[in-house]
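Presented below is the structure to which this report refers.
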Amino acid sequence: MQYLCERMQSYTEIDDWTWSELFKRQKELLGDMPCKEWAEGLKALELNPKTVPNQAAVSNKLEKLTGWKIFNAEKEFLNSDGWFSALSKKTFPATTYIRKKHELDFTPFPDLFHEYFGHLPLMGDAQTARITKLFAKCYFATQEKFRAGVGRLWWHAMEWSFVIEDGKEKVFGAGLLAGKRDFEDALQKPKIKFSLQEAFHSSKILNTVQEKYFIHKSLDDLEGMLQDYLQCQLNGEMPFEIARNFDSIDEIDSFRNRGV
Ligand SMILES: [Fe+2]
């Protein structure tokens, strides 16, 4: 049996099984490791653990929480320009694609479980929503040749990071919140104190686990760093030195160009 979701996207009973299995397994695996912003956002969004979320319904809930809406990315894997452009309009891109049964532990392309379980609860938090908008401002305020660096900042700050809350290391990055393999890997590796300069120069690793994981002193600290970065861009300065061998090619573009 199939049923129709918003925008005529159809999901099967297998898709619902995949969603519910991922939801249950990941919730148990995470235990008390997620940051409080995510835990509160997950409750507020009231995602049904049993069925693939309805995009319009979740978007309405999100809008009531922080004024953000979901941007329907359909099955597109957005490049950095498309990604930050959506964020600049306070819309969060979410795909309609859900991984296959054999990809429960890892999928090379972010699927809707990554977006709805990993990112969107955090977007129900006012400060994370502000930080997200700030990223888009930083991206477009940066000279084009250095924008890949802002993409890398996002990657390390928002996808694969931890944050200290009440003296404890908590998970903040959406990739870790929604990924079994990556979460387990991250727990075993030492965390590096987040720095704009280091994250700006650290490549995105797309098809295997990350080499390193950053930890934020606090979300206030991250927000403050981004505000300072933005101010520097608006003044026509860089807040740190750019390495001579800076790679201006976005890893996601090269990934796409290889037809992956
Ligand atoms: Fe993501």
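Things to note:
- In the set Phe109, Phe135, only one residue is in a loop (DSSP other than H, G, I, E, B) and closer than 18 Å to Ile252 by Cβ; that residue is Phe109.
- Selected residue [at pLDDT 95 or above, of a type in the set (D, E, K, R) and farther than 27 Å from Glu40 by Cα] from Glu159, Glu144, Glu165, Glu184: Glu144
- All of Leu153, Leu176, Leu196 fail the test of being more than 23 Å from Gly67 (Cα to Cα) and more than 15 Å from the chain's Cα centre (by Cα), apart from Leu196.
- Residue match in the stretch 190-201 (condition: among the polar types (S, T, N, Q), touching an Asp or Glu at 6+ places or on another chain (Cβ under 8 Å) and touching a residue at least 24 places away in the same chain (Cβ under 8 Å)): yes
- Filter result for the condition that a residue is crowded, with 16+ Cβ neighbours inside 10 Å and more than 21 Å from Ala126 (Cβ to Cβ), over Gly173, Gly179, Gly236: Gly179
- Single condition Ile205 does not satisfy, out of (1) surrounded by 14 or more Cβ atoms within 10 Å (Cβ to Cβ); (2) closer than 18 Å to Ala148 by Cα; (3) within 15 Å of the ligand (Cβ to nearest atom): (1)
- Meets criteria (within 13 Å of the ligand (Cβ to nearest atom) and among the small types (Gly, Ala, Ser)) for Ala73: yes
- With respect to (1) modelled with pLDDT under 95; (2) outside any loop (DSSP other than H, G, I, E, B), the lone exception for Gly175 is condition (1).
- If you filter the stretch 105-133 down to residues that are touching a residue at least 60 places away in the same chain (Cβ under 8 Å) and in contact with a Lys or Arg (Cβ under 7 Å, 6 or more places away or on another chain), you find that the one that is farthest from the ligand (Cβ to nearest atom) is Asp105.
The values are calculated or read from the model by the stated rules, or taken from the named source; none is laboratory data. Since the structure is predicted, the reported quantities are computational estimates derived from the model, not experimental observations. Note that each Cβ is placed from the backbone with ideal geometry, even for glycine, and that neighbours are counted across all protein chains shown.
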